[in-house]
Amino acid sequence: MPVKIRLQRHGKKGKPFFWIVAADSRAKRDGKFLDKIGTYNPNTNPATIDLNLDSAVQWLHNGAQPTDTARAILSYKGALMKHHLDGGVRKGALTQEQADAKLAAWLEEKANKVTSKKEGLTKAQEKAKAEALKAEKVANEKRANAAAEALKAAEASEEVAEEVTEEAVETTTEETPAVEETPTAEEANEEKEA
């Protein structure tokens, strides 16, 4: 019975969540499995991986073959490194203490890389947020300036309209001559008859 270390998909549509399992290679992808080794959540940045290192290494010692993605996850978490170092201990090239020290140093270096990436992501998010806030302030100032200019233009047009009406009233009063008494039509008719 060839055993594979592979991913078993869970989660909803568009939001995958995977179990890392040791399963018979003939079993369905999401079917029967022998042992659940860990979980993998690719929805977060960086991806969240929870792996039982000892169980994964034990399955590797027993001959389980990881799939490509599972191999990348096992390598990322140090299971393949531990399997390699355990092979050196079995051959006598290293002592168990040396192997543990090398693994601890490697895991610490990896943890530092992950934390630096997380810090870089948070700094990038803060920078993007600050730039967005700055752009929003600039847009608000432009909008406020445009509104003030529109208000000034409206006031100026009202003043011009008032001046035009005042000038029109003044010109009409100046241009209209004194009203001469003109005979009305009836008086004109009476004068013609007489």
Enumeration of residues in the range 115-157 that are among the β-branched types (Val, Ile, Thr) and either more than 30 Å from residue 47 (Cα to Cα) or open to solvent by less than 60 Å² (accessible area, probe 1.4 Å) (or both) = 138
key: Residues (of a type outside the set (Val, Ile, Thr) and either touching a Gly at 6+ places or on another chain (Cβ under 9 Å) or in contact (Cβ under 8 Å) with a residue 40 or more places away in the chain (or both)) located in the range 26-52   = 41, 43, 45, 46, 50, 51, 52
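Given the condition touching an Asp or Glu at 6+ places or on another chain (Cβ under 8 Å) and either buried (at least 21 other Cβ atoms within 10 Å of the Cβ) or hydrophobic (A, V, I, L, M, F, W, C) (or both), answer yes or no: does some residue in the range 59-75 qualify? So that I can check it myself, show each step before the final result.
Here is the first cut: in the range 59-75, the residues touching an Asp or Glu at 6+ places or on another chain (Cβ under 8 Å) are 59, 61.
Now restrict to residues that are either buried (at least 21 other Cβ atoms within 10 Å of the Cβ) or hydrophobic (A, V, I, L, M, F, W, C) (or both): 59.
Within the range 59-75, one or more residues are touching an Asp or Glu at 6+ places or on another chain (Cβ under 8 Å) and either buried (at least 21 other Cβ atoms within 10 Å of the Cβ) or hydrophobic (A, V, I, L, M, F, W, C) (or both).
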query = Which residue, of 60, 74, is among the hydrophobic types (A, V, I, L, M, F, W, C), under 31 Å from the mean Cα position of the chain (by Cα) and either assigned to a helix (DSSP H, G or I) or modelled with pLDDT of 90 or more (or both)?
reply = 74
task = Working only within the range 2-24, note down all residues that are surrounded by fewer than 17 Cβ atoms within 10 Å (Cβ to Cβ), touching a residue at least 24 places away in the same chain (Cβ under 8 Å) and touching a Lys or Arg at 6+ places or on another chain (Cβ under 9 Å).
result = 2, 16, 17
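Can residue 93 be described as of a type in the set (A, V, I, L, M, F, W, C), part of a helix (DSSP H, G or I) and exposed (fewer than 15 other Cβ atoms within 10 Å of the Cβ)? Lay out the reasoning, then the answer.
Values: of a type in the set (A, V, I, L, M, F, W, C): yes; part of a helix (DSSP H, G or I): no; exposed (fewer than 15 other Cβ atoms within 10 Å of the Cβ): yes.
For residue 93, the condition - of a type in the set (A, V, I, L, M, F, W, C), part of a helix (DSSP H, G or I) and exposed (fewer than 15 other Cβ atoms within 10 Å of the Cβ) - is not met.
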message = Looking only at the range 2-20, how many residues end up being farther than 11 Å from residue 67 by Cα and part of a strand (DSSP E or B)?
response = 10
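The values are calculated or read from the model by the stated rules, or taken from the named source; none is laboratory data. Small disclaimer: the values here were computed from a predicted structure and weren't measured. As a convention, Cβ positions derive from the backbone with ideal geometry for all residues, glycine included, and neighbour counts pool all protein chains shown. SASA here: full protein model, heavy atoms, side chains in, ligands and nucleic acids out. Shrake-Rupley method; radii C 1.70, N 1.55, O 1.52, S 1.80 Å.
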